[in-house]
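A.B. asks: Provided herewith is a single structure, encoded as structure tokens, for subsequent inquiry.
The values are calculated or read from the model by the stated rules, or taken from the named source; none is laboratory data. Keep in mind the model is a prediction, meaning the values are calculated, not measured. Reconstructed Cβ throughout: ideal geometry from the backbone, glycine too, with neighbour counts over all protein chains shown.
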Amino acid sequence: MTKKPQDSELLTNILAIGRRMAEIRSLTPLLAYLIDQIMLLSQAEHGYIFLYDEAGNISLQVGQDKDGTPLPTNQDQVSHTILNKALREGQSAISTNAMEDIRFNSASSVQALQIRSIICTPLITKNRPIGAIYVENRTIRPRFTANDIAPIEILANQAAIAIENAQLNDSLYSVNQHLRELDQLKNNFIMLISHELRTPLTSVMAYADLLHVRLTKSNAQALEMSERLENAVQILDRTVQEIIYVFRIMSGQLHLKQEQTFLAFMFESLQLRFAPALTARNIVLHLDEMRKLPPLYADDEHLMVALQNVLSNAVKYTPDGGNIWINGRFDDTTIYLTIRDEGIGIPLREQERVFDLFHGLGTLLNHSSSKHSFRGGGLGLGLPIAKGLIEAHGGTIRLESSGYDLQALPGTICYISLPIRQTTS
């Protein structure tokens, strides 16, 4: 048995123990450290730490003997008479010989365990006990005196705060772990559903194309049904693609290539792609001379999706007979694009929310499955996907409108900036 330290040394040791406990963020290593220090400080034969569980029951967490050997953590290792007294009164219970102490000698646990000297100190924080430190000797009677209480109580005060913080950290970690598991489950579910939808969709699209090719114009009704089937399949396929994009953006699984990309080719391709919808709705697309723009290093497939979604949004909210302008300029590091329409505009309060998932300006009354019909609805994923893809390229996107008006048609301007060279891969 080592000699107990002197007062000044004792205080220094307790302060050092307190600082170390404050650094330990998880409960299990904290209790392991604390029981070691309790045994060194008290020089007891046995030491235990109790804590209340979530149900409000006192539970033995860890025990150790004077040689550092772990003790069983079953509850009959200690006297609950002494433990409950300390917890109930909120102050230390001490006895130099519990077997002869009139306060405790009638307790069967004291006699059965042959408890001699003992100190039981509650762990108190925010004026309530959260557990107790319990140290005892079964062969030495006067091991503890009143002078031994103060150091253990100081240590108990520090330990109570450290234990409560560790419990909060463990609880927060557990909640975060649960959220991560739920998020992974959600991601797995989305990918599974997307895969399960796309597999039959591929077959349906192939047969729809084949049916459309084989039908003749003489069978007008069947041809119309074939076209509707093909359009429906394309809409469903586009929806699945949007869901997959959202998943990849939100889960950080979007992998970008950096290849030399010419925006002029992209916009010329988009102009051809949108030509049927623009012609059908008599909308004029004014495309600036984009060949003046330098090439940038980007993932052309993902960037094309972003620009297509922005242009689709402009077409959707521009009335028939309207105009859309696309302009570009650049400086040494950045390309700046503007896409301006003569549409219905955006309410001021909505201009930040349009990039939120599933947020649409239309109501169910205006909802349409058509991608380019006036005020046609959808899942509200187009602009959030565009924002995610543009930001993944190191760029920015924002919308500006003076307001929403079906008659005045204030229009909307979309501002996009893209770095010519990305600083990270």
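A.B. asks: Counting only residues that are over 15 Å from GLN37 (Cβ atoms) and of a type in the set (A, V, I, L, M, F, W, C), which one in the range 123-157 is surrounded by the fewest Cβ atoms within 10 Å (Cβ to Cβ)?
C.D. replies: ALA146
So that you can scan it fast, the table gives a plain yes or no per residue for (1) within 42 Å of the chain's Cα centre (by Cα); (2) exposed (fewer than 15 other Cβ atoms within 10 Å of the Cβ):
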| position | (1), (2) |
| --- | --- |
| ARG19 | yes, yes |
| LEU41 | no, no |
| ALA55 | yes, yes |
| LEU60 | yes, no |
| ASP67 | no, yes |
| VAL78 | no, no |
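A.B. asks: Residues being farther than 16 Å from LEU270 by Cα and touching a strand residue (DSSP E or B) at 6+ places or on another chain (Cβ under 6 Å): count how many of those fall in the range 298-322.
C.D. replies: Qualifying residue count for the region: 2.
A.B. asks: Next up: Give me the residue from the range 141-188 that is assigned to a helix (DSSP H, G or I) and among the charged types (D, E, K, R) and, out of that set, modelled with the highest pLDDT.
C.D. replies: By that ranking, first place goes to GLU164.
A.B. asks: All but one of (1) more than 15 Å from MET304 (Cα to Cα); (2) buried (at least 18 other Cβ atoms within 10 Å of the Cβ); (3) not hydroxyl-bearing (Ser, Thr, Tyr) hold for GLU242; state the number of the condition that does not hold.
C.D. replies: It fails just one condition, (1).
A.B. asks: Sticking with this structure for a sec: Going through the range 40-81 one residue at a time, which ones are touching a residue at least 60 places away in the same chain (Cβ under 8 Å), part of a loop (DSSP other than H, G, I, E, B) and among the β-branched types (Val, Ile, Thr)?
C.D. replies: Selection gives nothing.
A.B. asks: Kindly indicate which of ALA206, ALA232, ALA220 is loosely packed, with under 11 Cβ neighbours inside 10 Å, outside the structural domain of HIS302 (by TED's automatic domain parsing) and at pLDDT 70 or above. Before the answer, list the steps.
C.D. replies: Working: ALA206 fails: loosely packed, with under 11 Cβ neighbours inside 10 Å; ALA232 fails: loosely packed, with under 11 Cβ neighbours inside 10 Å.
Being loosely packed, with under 11 Cβ neighbours inside 10 Å, outside the structural domain of HIS302 (by TED's automatic domain parsing) and at pLDDT 70 or above holds for just one of ALA206, ALA232, ALA220, which is ALA220.
A.B. asks: Further question on the same structure: Is it true that ILE115 is among the β-branched types (Val, Ile, Thr), touching a helix residue (DSSP H, G or I) at 6+ places or on another chain (Cβ under 9 Å), in a strand (DSSP E or B) and buried (at least 23 other Cβ atoms within 10 Å of the Cβ)?
C.D. replies: Working: among the β-branched types (Val, Ile, Thr): yes; touching a helix residue (DSSP H, G or I) at 6+ places or on another chain (Cβ under 9 Å): yes; in a strand (DSSP E or B): no; buried (at least 23 other Cβ atoms within 10 Å of the Cβ): yes.
No.
A.B. asks: Moving on. Mind telling me which of the residues LEU307, LEU293, LEU303 ends up being more than 20 Å from ARG238 (Cβ to Cβ) and touching a residue at least 40 places away in the same chain (Cβ under 8 Å)?
C.D. replies: Of the residues listed, the single one that is more than 20 Å from ARG238 (Cβ to Cβ) and touching a residue at least 40 places away in the same chain (Cβ under 8 Å) is LEU293.
A.B. asks: Is it the case, given these coordinates, that ILE24 is buried (at least 16 other Cβ atoms within 10 Å of the Cβ) and either within 18 Å of ILE124 (Cβ to Cβ) or in contact with a strand residue (DSSP E or B) (Cβ under 8 Å, 6 or more places away or on another chain) (or both)?
C.D. replies: no
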